[in-house]
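Enquirer: The structure under discussion is supplied below as structure tokens; questions concerning it will follow.
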Amino acid sequence: MFHRVLMVAVATVVTLLGVQPALARTSHRIVSLSPTATESLFAIGAGAQVVAVDDQSDYPKRAPHTSLSGYTPNLEAIAGYRPDLVVLSGDANDVVAGLRKLGIRVLLQPAAKNLAEAYAEIRQLGAVTGHRRGAAAVVTRMKSAIASVLKSTPEHGLSVYHELTPDYYSATSKTFIGRIYKLFGLRNIADAADSSGTGFPQLSAEYIISADPSLIVLADTRCCAQSAKAVGNRPGWAGLAAVRRGNVIGIDDSVASRWGPRIVQFVRAVGKALRRHGG
């Protein structure tokens, strides 16, 4: 069972327990402007139905990459691919209403808050593409793999610092990635610093050094060339517990920022670090 999540778009509304009649028929020409949806579509076996993906969809490599933007969507450019379905993670520039006026169906899948919502969105994609079984299989594999990692990783009461950018933006336990850390029983040092409640506070080097995290996860390895070595060379960071014990791990930026099938890779990386260096 998965939690029911309310997702209201300006136009087409899709429920997590099925799809509205307007989306019930199988889509054969899909434009994905959501990198997470792109990954999920190919994972469930619907890749052949995808005719175009946005410029941020960098996985899988065989996806039909274009210059389309999910941040500043262009209706004319999208319509040029003659889609019978457009999958989005947001409604920038009122694109949902614009697509509907052109007679194009829309599936809006906002950022998942937890694994239950992530699984539900994968199932949605299965429903609209005719790949229900493929989607169910992907979800089953994800659940099994994550459960296996958690079972083999005892809780140690450790703390974690998740780095989004080199200027110390982080993610709290309120975010999707933060909830992954909670599965391991990790204490997120960013929680106490999120005075604005955005879920993505900017910390300071002094704050991080004072918190002395047991685990540092770098989600800025590809964008910003951060590494365990670079972290150790930061002024005052060499004495941090995570640095001293070699508990600084890098995660591919896209894996750490999405809520699709590759979240299993993230869970495995964290579990491996905790089993090797925790306690």
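The values are calculated or read from the model by the stated rules, or taken from the named source; none is laboratory data. Since the model is a prediction, treat every value here as computed from it, not as a measurement. So basically every Cβ, Gly included, is an ideal-geometry build from the backbone, and we count neighbours across all protein chains shown.
Enquirer: Being touching a His at 6+ places or on another chain (Cβ under 9 Å) and crowded, with 21+ Cβ neighbours inside 10 Å is true for just one of Leu88, Leu41. Which residue is that? Before you say what the answer is, go through the steps one by one.
Expert: Numbers: Leu88 fails: touching a His at 6+ places or on another chain (Cβ under 9 Å).
The conditions single out Leu41.
Enquirer: Just checking, does segment 100-107 include any residue being out of contact with any Phe, Trp or Tyr (no Cβ under 8 Å at 6 or more places or on another chain), under 16 Å from Leu41 (Cα atoms) and either among the aromatic types (Phe, Trp, Tyr) or not in a loop (DSSP other than H, G, I, E, B) (or both)? Can you show your working first?
Expert: So the first thing to find is which residues in segment 100-107 are out of contact with any Phe, Trp or Tyr (no Cβ under 8 Å at 6 or more places or on another chain), and the list is 100-107.
Cutting the leftovers down to under 16 Å from Leu41 (Cα atoms) gives us 106-107.
Right, trim to either among the aromatic types (Phe, Trp, Tyr) or not in a loop (DSSP other than H, G, I, E, B) (or both) and you get 106-107.
Yes.
Enquirer: Between residues in segment 196-214 that are in a loop (DSSP other than H, G, I, E, B) and residues that are polar (S, T, N, Q) and loosely packed, with under 15 Cβ neighbours inside 10 Å, which pairs lie under 9 Å by C-beta distance while being six or more apart or on different chains?
Expert: Pairs found: Pro201/Ser195.
The rows are residues; the columns are (1) in contact with a strand residue (DSSP E or B) (Cβ under 7 Å, 6 or more places away or on another chain); (2) of a type outside the set (Lys, Arg).
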{"site": "Ala137", "(1), (2)": "no, yes"}
{"site": "Arg141", "(1), (2)": "no, no"}
{"site": "Gly178", "(1), (2)": "yes, yes"}
{"site": "Tyr181", "(1), (2)": "yes, yes"}
{"site": "Ala192", "(1), (2)": "no, yes"}
{"site": "Ser210", "(1), (2)": "no, yes"}
{"site": "Gln226", "(1), (2)": "yes, yes"}
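Enquirer: In segment 182-195, what residues are in contact (Cβ under 8 Å) with a residue 24 or more places away in the chain and either closer than 14 Å to Glu163 by Cβ or not in a loop (DSSP other than H, G, I, E, B) (or both)?
Expert: Step one: of segment 182-195, the residues in contact (Cβ under 8 Å) with a residue 24 or more places away in the chain are 183-190.
Those that are in contact (Cβ under 8 Å) with a residue 24 or more places away in the chain and either closer than 14 Å to Glu163 by Cβ or not in a loop (DSSP other than H, G, I, E, B) (or both): Leu183, Arg187, Asn188, Ile189, Ala190.
Enquirer: Moving on. Applying the selection to segment 152-168, what residues are part of a loop (DSSP other than H, G, I, E, B) and of a type in the set (Val, Ile, Thr)?
Expert: Residues of segment 152-168 that are part of a loop (DSSP other than H, G, I, E, B), as a first pass: 152-158, 164-168.
Answer for segment 152-168, where residues must be part of a loop (DSSP other than H, G, I, E, B) and of a type in the set (Val, Ile, Thr): Thr153, Thr165.
Enquirer: Is it the case that Ser32 is small (Gly, Ala, Ser), more than 20 Å from the chain's Cα centre (by Cα) and within 22 Å of Gly130 (Cα to Cα)?
Expert: Working: small (Gly, Ala, Ser): yes; more than 20 Å from the chain's Cα centre (by Cα): no; within 22 Å of Gly130 (Cα to Cα): yes.
It is false that Ser32 is small (Gly, Ala, Ser), more than 20 Å from the chain's Cα centre (by Cα) and within 22 Å of Gly130 (Cα to Cα).
Enquirer: Pick from segment 215-240 the residues that are touching a residue at least 12 places away in the same chain (Cβ under 8 Å) and of a type in the set (D, E, K, R): which of them is farthest from Leu164 (Cα to Cα)?
Expert: The selected residue is Arg234.
Enquirer: Another question, if that's okay. Name the single residue that is surrounded by the fewest Cβ atoms within 10 Å (Cβ to Cβ) among those in segment 237-253 being in a helix (DSSP H, G or I) and touching a Ser or Thr at 6+ places or on another chain (Cβ under 9 Å).
Expert: The first filter runs over segment 237-253 and keeps only residues in a helix (DSSP H, G or I), leaving 241-244, 253.
With the extra rule that they be touching a Ser or Thr at 6+ places or on another chain (Cβ under 9 Å), the set shrinks to 241-242, 253.
On the way: Ala241: 15, Ala242: 26, Asp253: 19.
In this case the residue turns out to be Ala241.
Enquirer: Please verify whether Val231 is at pLDDT 95 or above, in contact with a Gly (Cβ under 7 Å, 6 or more places away or on another chain) and either of a type in the set (S, T, N, Q) or surrounded by 14 or more Cβ atoms within 10 Å (Cβ to Cβ) (or both), treating the condition exactly as stated. Quick ask: steps written out before the conclusion?
Expert: Values: at pLDDT 95 or above: yes; in contact with a Gly (Cβ under 7 Å, 6 or more places away or on another chain): no; either of a type in the set (S, T, N, Q) or surrounded by 14 or more Cβ atoms within 10 Å (Cβ to Cβ) (or both): yes.
Taking the combined requirement at face value, the residue does not satisfy it.
Enquirer: Take the conditions crowded, with 19+ Cβ neighbours inside 10 Å and touching a Leu at 6+ places or on another chain (Cβ under 7 Å) and apply them to Ala219. Does it pass? I'd like the intermediate steps shown before the answer.
Expert: Working: crowded, with 19+ Cβ neighbours inside 10 Å: yes; touching a Leu at 6+ places or on another chain (Cβ under 7 Å): yes.
For Ala219, the condition - crowded, with 19+ Cβ neighbours inside 10 Å and touching a Leu at 6+ places or on another chain (Cβ under 7 Å) - is met.
Enquirer: Which condition from (1) in contact (Cβ under 8 Å) with a residue 12 or more places away in the chain; (2) assigned to a helix (DSSP H, G or I) is the one that Val51 breaks?
Expert: Among (1) in contact (Cβ under 8 Å) with a residue 12 or more places away in the chain; (2) assigned to a helix (DSSP H, G or I), the lone unmet condition for Val51 is (2).
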